[in-house]
Protein chains: 2
Amino acid sequence: MFVAEGKKVICELMDAGLELHALFTIDVSAFDVVHQKLVYEVTQNELKQLSFLTTPQVGLAVFYIPQQKEVAQEALILALDDVRDPGNLGTIIRLCDWFGVKNLVCSLKTADCFNPKVIQATMGSITRVNVIYVDLPMFLKERNSGVKVFGTFMEGSSVYNETLPENGIIVMGNEANGISEDIEKFVDAKITIPRFGLDQKTESLNVATATAVILSEFKRR
Amino acid sequence: MFVAEGKKVICELMDAGLELHALFTIDVSAFDVVHQKLVYEVTQNELKQLSFLTTPQVGLAVFYIPQQKEVAQEALILALDDVRDPGNLGTIIRLCDWFGVKNLVCSLKTADCFNPKVIQATMGSITRVNVIYVDLPMFLKERNSGVKVFGTFMEGSSVYNETLPENGIIVMGNEANGISEDIEKFVDAKITIPRFGLDQKTESLNVATATAVILSEFKRR
């Protein structure tokens with residue numbers, strides 16, 4: 001199970017058909033829950049004790065984690081190789097939602113998408129993006145033939161000049177170490193976002209902002 | 001004055017010529033400071049009490065805030081209309097550094113770029129981007145003639161189809177409210193990043209990821 005807080009996020013998750021286990025709220029009338037016995041009215045103080053937030057919202061809900069769906073390989077897939085920061089993962093899920101990327105494939109060491117920080121950061125996008133956790137090297141090895149793997153590397157060729165297909169798998173690497181050697185051997189094309197600032201000390205873009213630019217490049221064409 | 005922590009950030013700020021007021025460190029040999037009387041050796045425990053971080057680094061330095069430089073209007077300028085979150089501001093400063101945008105003009109209610117969270121998030125980029133705080137409506141009103149103002153609006157025209165000049169001012173708005181009416185009246189062209197996800201519930205991109213896509217579009221051409 002996982003926790004979600006605030007009226008907006010809770011309602012989006014219920015609307016998307018996720019199964020509710022329990023809802024704790026200071027205002028029962030704020031929510032339209034079919035099974036009233038799942039709803040517990042609590043005081044502001046009790047909610048504060050339950051909440052993961054510094055400023056608790058109107059309610060806190062516990063949902064069952066939905067089953068992972070199969071990944072359709074005829075569309076663009078984003079894959080994460082050990083992205084550890086929940087804030088980055090949340091931002092990346094929102095980006096997938098915006099750019100119409102339906103499937104996000106995560107290595108087993110990537111942050112948990114049901115971490116409360118991720119749920120709050122995605123603002124409901126988690127209901128529209130299929131996030132699955134897999135043995136990533138195995139997933140890439142067993143992909144359908146003809147599906148090209150793109151990986152972001154500092155020494156890659158400019159994403160602005162690359163021919164980008166409508167389907168394919170884009171791999172983004174770990175915050176500190178980038179893409180691991182285990183994954184690199186499955187990469188067909190190494191791409192990069194060129195640096196326009198001249199100073200060599202500018203090290204790299206954050207993985208979430210790099211994902212924004214890469215998805216924009218794949219989708220705009 | 002402002003605080004910076006960690007060997008890497010402190011050394012980058014010193015290398016960039018910022019004036020040091022004091023350095024507190026558990027390892028004096030880790031830093032190459034000209035004026036030794038500015039360096040105070042402290043214990044791990046004392047550093048922990050001084051530090052803003054949950055895991056203190058090797059040292060904490062206090063620097064003098066450098067003087068704002070004039071903004072050159074013949075280059076691309078990024079302007080922020082009340083971006084309040086220090087994390088977003090830090091990410092945006094790093095993006096400016098990467099994309100070679102030398103001048104970041106902030107409204108008076110934008111987060112303080114010398115906030116410790118911003119300094120840590122910029123990873124030294126703050127030394128390569130000139131961040132100035134101005135009365136933003138006045139700055140836009142008094143800009144040089146011929147300098148076009150671009151603003152991001154949900155109802156703007158696609159940034160992918162827009163003619164984008166090499167100079168100009170790009171305005172990004174507040175996290176919750178976007179660009180204010182006071183600023184909107186100076187905007188010559190309203191632009192947006194098209195949503196590829198079909199679900200209307202996907203509300204908007206985070207201001208930092210939107211800035212990544214917009215700067216990429218201006219610079220790649």
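So which residues in the stretch A:179-206 are within 18 Å of residue A:89 (Cβ to Cβ) and modelled with pLDDT of 95 or more?
A:179, A:180, A:183
Scan B:73, B:120, B:67, B:57 and give me the residue that is without any contact (Cβ under 8 Å) to a residue 24 or more places away in the chain and of a type outside the set (Ser, Thr, Tyr). Walk me through how you get there before you give the answer.
Details: B:73 fails: without any contact (Cβ under 8 Å) to a residue 24 or more places away in the chain; B:120 fails: without any contact (Cβ under 8 Å) to a residue 24 or more places away in the chain; B:57 fails: without any contact (Cβ under 8 Å) to a residue 24 or more places away in the chain.
From the options B:73, B:120, B:67, B:57, the qualifying one is B:67.
Check residue A:91 against each of (1) touching a Lys or Arg at 6+ places or on another chain (Cβ under 9 Å); (2) within 13 Å of chain B (Cβ to nearest Cβ); (3) closer than 30 Å to residue A:33 by Cα; (4) touching a residue at least 40 places away in the same chain (Cβ under 8 Å) and name the one condition it does not meet.
Among (1) touching a Lys or Arg at 6+ places or on another chain (Cβ under 9 Å); (2) within 13 Å of chain B (Cβ to nearest Cβ); (3) closer than 30 Å to residue A:33 by Cα; (4) touching a residue at least 40 places away in the same chain (Cβ under 8 Å), residue A:91 violates only (1).
Looking at B:101, B:171, B:105 in this structure, which one is assigned to a loop (DSSP other than H, G, I, E, B), in contact with a helix residue (DSSP H, G or I) (Cβ under 8 Å, 6 or more places away or on another chain), touching a residue at least 60 places away in the same chain (Cβ under 8 Å) and at negative phi?
Values: B:171 fails: assigned to a loop (DSSP other than H, G, I, E, B); B:105 fails: assigned to a loop (DSSP other than H, G, I, E, B).
So the residue among B:101, B:171, B:105 that is assigned to a loop (DSSP other than H, G, I, E, B), in contact with a helix residue (DSSP H, G or I) (Cβ under 8 Å, 6 or more places away or on another chain), touching a residue at least 60 places away in the same chain (Cβ under 8 Å) and at negative phi is B:101.
One residue is enough: does the stretch A:78-86 have a residue meeting the conditions within 13 Å of the chain's Cα centre (by Cα), of a type in the set (Lys, Arg) and assigned to a loop (DSSP other than H, G, I, E, B)? Steps first, answer last, please.
Step one: of the stretch A:78-86, the residues within 13 Å of the chain's Cα centre (by Cα) are A:78-86.
Those still in the list that are of a type in the set (Lys, Arg) too: A:84.
Then keep just the ones that are assigned to a loop (DSSP other than H, G, I, E, B); that gives A:84.
Taking every residue of the stretch A:78-86 in turn, at least one turns out to be within 13 Å of the chain's Cα centre (by Cα), of a type in the set (Lys, Arg) and assigned to a loop (DSSP other than H, G, I, E, B).
For the stretch A:123-161, which positions are assigned to a loop (DSSP other than H, G, I, E, B), surrounded by fewer than 16 Cβ atoms within 10 Å (Cβ to Cβ) and free of Cβ contacts under 8 Å to residues at least 40 places away in the same chain?
If the condition is that a residue be assigned to a loop (DSSP other than H, G, I, E, B), surrounded by fewer than 16 Cβ atoms within 10 Å (Cβ to Cβ) and free of Cβ contacts under 8 Å to residues at least 40 places away in the same chain, then A:135, A:142, A:145, A:146, A:161 are the ones that fit.
Among the numbered criteria (1) modelled with pLDDT under 95; (2) away from chain B (no Cβ under 14 Å), which one does residue A:149 miss?
Here residue A:149 meets the rest and fails (1).
Could you please give the count of residues in the stretch B:192-221 that are over 20 Å from residue B:167 (Cα atoms) and either crowded, with 23+ Cβ neighbours inside 10 Å or of a type in the set (A, V, I, L, M, F, W, C) (or both)?
Let us first name the residues in the stretch B:192-221 that are over 20 Å from residue B:167 (Cα atoms), namely B:194-209.
Right, trim to either crowded, with 23+ Cβ neighbours inside 10 Å or of a type in the set (A, V, I, L, M, F, W, C) (or both) and you get B:196, B:198, B:205-209.
Summing the residues that are over 20 Å from residue B:167 (Cα atoms) and either crowded, with 23+ Cβ neighbours inside 10 Å or of a type in the set (A, V, I, L, M, F, W, C) (or both) in the stretch B:192-221 gives 7.
Could you run through the stretch B:78-93 and say how many residues are surrounded by fewer than 24 Cβ atoms within 10 Å (Cβ to Cβ) and of a type in the set (Ser, Thr, Tyr)?
Of the residues in that region, 0 qualify.
Looking at the stretch B:207-221 only, could you name the residues that are under 15 Å from residue B:89 (Cα atoms) and not small (Gly, Ala, Ser)?
Keep residues of the stretch B:207-221 that are under 15 Å from residue B:89 (Cα atoms), which gives B:207-212, B:215.
B:207, B:209, B:211, B:215 - these are the residues of the stretch B:207-221 that are under 15 Å from residue B:89 (Cα atoms) and not small (Gly, Ala, Ser).
Out of the stretch A:50-72, which residues are surrounded by fewer than 10 Cβ atoms within 10 Å (Cβ to Cβ) and either among the polar types (S, T, N, Q) or assigned to a helix (DSSP H, G or I) (or both)? Steps first, answer last, please.
First, the residues of the stretch A:50-72 that are surrounded by fewer than 10 Cβ atoms within 10 Å (Cβ to Cβ): A:54-55, A:67, A:70.
Hits for the stretch A:50-72 are A:54, A:55, A:67.
Would you point out which residue out of A:16, A:79, A:72 is farther than 30 Å from residue A:152 by Cβ and small (Gly, Ala, Ser)?
Working: A:79 fails: farther than 30 Å from residue A:152 by Cβ; A:72 fails: farther than 30 Å from residue A:152 by Cβ.
On inspection, the qualifying residue turns out to be A:16.
I'd like to check something: does the stretch A:183-198 contain any residue that is assigned to a strand (DSSP E or B) and within 14 Å of chain B (Cβ to nearest Cβ)? Steps first, please.
First, the residues of the stretch A:183-198 that are assigned to a strand (DSSP E or B): A:189-192.
Still in the list and also within 14 Å of chain B (Cβ to nearest Cβ): A:191-192.
Looking through the stretch A:183-198, at least one residue is assigned to a strand (DSSP E or B) and within 14 Å of chain B (Cβ to nearest Cβ).
Counting only residues that are of a type outside the set (A, V, I, L, M) and within 8 Å of chain A (Cβ to nearest Cβ), how many does the stretch B:212-221 have?
Residues of the stretch B:212-221 of a type outside the set (A, V, I, L, M): B:216-221.
Retained after the next criterion (residues that are within 8 Å of chain A (Cβ to nearest Cβ)): B:216-217, B:219-220.
Total meeting the criteria: 4.
Within the stretch A:1-57, which residues are of a type in the set (Lys, Arg) and either under 24 Å from residue B:201 (Cβ atoms) or assigned by TED's automatic domain parsing to the domain that holds residue A:126 (or both)?
The initial filter retains those residues of the stretch A:1-57 that are of a type in the set (Lys, Arg), namely A:7-8, A:37, A:48.
A:7, A:8, listed by residue number.
Can you name the condition, by its number, that residue B:147 falls short on among (1) over 30 Å from residue B:51 (Cα atoms); (2) under 13 Å from the mean Cα position of the chain (by Cα)?
(2)
The values are calculated or read from the model by the stated rules, or taken from the named source; none is laboratory data. Everything numeric in this text was worked out from a predicted model, so none of it was measured. Heads up, the Cβs are rebuilt from the backbone with ideal geometry, glycines too, and the neighbour counts pull from every protein chain shown.
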